[in-house]
1. Just for the range 56-111: of the residues that are of a type in the set (Val, Ile, Thr) and outside any helix (DSSP H, G or I), which one is farthest from LEU29 (Cα to Cα)?
2. Go over the candidates PRO200, PRO172, PRO158 one by one and state the one that is surrounded by fewer than 17 Cβ atoms within 10 Å (Cβ to Cβ) and outside any helix (DSSP H, G or I).
3. Return only the number of the condition from (1) crowded, with 19+ Cβ neighbours inside 10 Å; (2) in contact with a helix residue (DSSP H, G or I) (Cβ under 8 Å, 6 or more places away or on another chain); (3) in a loop (DSSP other than H, G, I, E, B) that GLU315 does not satisfy.
4. Which is in contact with a strand residue (DSSP E or B) (Cβ under 8 Å, 6 or more places away or on another chain) and free of Cβ contacts under 8 Å to residues at least 40 places away in the same chain, of VAL163, VAL167?
5. Among the numbered criteria (1) farther than 19 Å from GLY94 by Cβ; (2) modelled with pLDDT under 80, which single criterion is violated by ILE8?
6. Take the residues of the range 236-260 that are touching a Ser or Thr at 6+ places or on another chain (Cβ under 9 Å) and part of a strand (DSSP E or B): which is farthest from GLN286 (Cα to Cα)?
7. Applying the selection to the range 62-72, what residues are surrounded by fewer than 19 Cβ atoms within 10 Å (Cβ to Cβ) and out of contact with any helix residue (DSSP H, G or I) (no Cβ under 8 Å at 6 or more places or on another chain)?
Amino acid sequence: MSIQGSSIWGLQPVIDCDLHNTLPSLTALYPYLPDFWVDYCNESAFREPDADDYPPGSPLTTRPGTQPKSSVPAGSDLDLLRRQVLDAFPVAMGVLNCAYRVSSVHNQDLAAALATAINRWQIDEWLNKEPRLRASLVVPSQNPQLAAEEIERFGDHPGFVQVVLPVRSEAPYGNRRYDPIFAAAVRHDLVIGIQYGGAPGHPSTPSGWAMTYLEEYAGMSSVFQSQVMSLIIEGAFDRFPGLRVSLIEGGFTWLPSLMWRLDKEWKGLRYNTPWVKRLPSDYMRQHIRLTTQPLDAPADLEQLRQILEQIESDEMLLFATDYPHYQFDAPEDAWPLALDERTLAKILHGNAQAWYRLGIRDWGPGTGETTWCR
């Protein structure tokens with residue numbers, strides 16, 4: 001894949017909030033696993049957790065040219081990511097979201113060990129080798145206490161800015177069972193990233209199992225909406241006023257209609273939830289951000305402009321390429337709508353800079369240097 005620079009970026013720095021780093025194989029984790037778990041994996045024929053969020057044969061899984069020449073999967077080659085994303089746009093900083101679904105492993109002790117191993121692997125193979133990268137902690141979310149311990153273990157590492165959770169979960173994230181995760185994230189000033197996918201063991205739709213991948217893929221936006229409703233109505237943001245949540249790979253054009261409907265119903269039913277003190281849309285604007293890819297935009301870009309106006313905030317969108325997934329054909333398609341310079345700057349980098357508590361110094365074309373502080 002060859003990506004050339006695009007005039008729409010001008011001299012703006014870009015923060016890419018969704019880059020996928022993929023483990024080349026389970027054996028890559030063996031140096032980070034206790035001998036007991038290495039023996040366990042070999043003796044039990046455990047392959048690895050796999051939610052099949054992006055099946056290998058699906059055309060959406062990888063962009064042409066992102067597959068390394070070796071047999072390792074797309075997203076596992078740092079040099080390729082540098083050439084195709086970091087240097088191409090150019091990207092001042094990228095946030096890695098490793099979709100290694102330890103939450104689908106039924107042996108919770110193994111899940112916790114795999115999470116620790118994958119996070120150490122991220123430090124050694126990605127963060128220590130590329131200063132433009134930050135990463136998301138992988139945690140065993142099916143056991144919130146073990147997940148909180150993982151956050152405590154790595155939460156102060158400057159390379160981690162987020163805790164990644166699959167959008168499909170055993171229970172909606174507003175449920176109090178997940179409070180240990182949120183408490184630890186807030187304590188370490190980390191964002192909670194809720195990402196497309198997951199395999200919690202129950203049907204992929206509210207009415208049962210889907211027959212096709214198309215149903216699962218298109219229907220995932222409704223799962224994102226259910227998580228938003230749960231977090232607000234079940235009081236997660238009231239229990240944790242400092243909680244920040246990024247919705248990753250879920251689209252965003254559904255947001256205005258959800259804001260309208262939830263506000264409307266809350267006005268008539270708010271006696272059910274006395275802890276929800278404000279309009280649900282106010283909670284969304286304060287506590288939630290959404291990545292721009294996949295861009296579920298209408299063909300008529302004027303309609304996209306209207307959707308942005310209906311959100312009534314220029315702070316909620318975070319630029320993302322969703323690399324190496326195949327979501328757009330050219331750089332200008334990653335954000336096709338012409339906007340005023342201030343709004344474009346907020347989407348390309350300003351919103352993410354504030355959301356992830358990042359500071360940029362001495363960045364700019366020709367400086368040759370990017371210095372980050374958190």
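The values are calculated or read from the model by the stated rules, or taken from the named source; none is laboratory data. All of these numbers come straight from a predicted model, not from anything done at the bench. Neighbour counts run over all protein chains shown; Cβ positions are idealised from the backbone, glycine included.
1. Checked the range 56-111; the qualifying residue farthest from LEU29 (Cα to Cα) is VAL91.
2. PRO158
3. Failing condition for GLU315: (1).
4. VAL163
5. Exception for ILE8: condition (1).
6. Across the range 236-260, the extreme among qualifying residues is ILE248.
7. Taking the range 62-72 first, the residues surrounded by fewer than 19 Cβ atoms within 10 Å (Cβ to Cβ) are 64-65, 68-72.
PRO64, LYS69, SER70, SER71, VAL72 - these are the residues of the range 62-72 that are surrounded by fewer than 19 Cβ atoms within 10 Å (Cβ to Cβ) and out of contact with any helix residue (DSSP H, G or I) (no Cβ under 8 Å at 6 or more places or on another chain).
Here is a yes/no grid of residues against (1) surrounded by 24 or more Cβ atoms within 10 Å (Cβ to Cβ); (2) within 18 Å of the chain's Cα centre (by Cα); (3) farther than 19 Å from HIS20 by Cα:
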site: ALA88; (1), (2), (3): no, no, no
site: ASP109; (1), (2), (3): no, no, yes
site: LEU127; (1), (2), (3): no, yes, no
site: PRO144; (1), (2), (3): no, no, yes
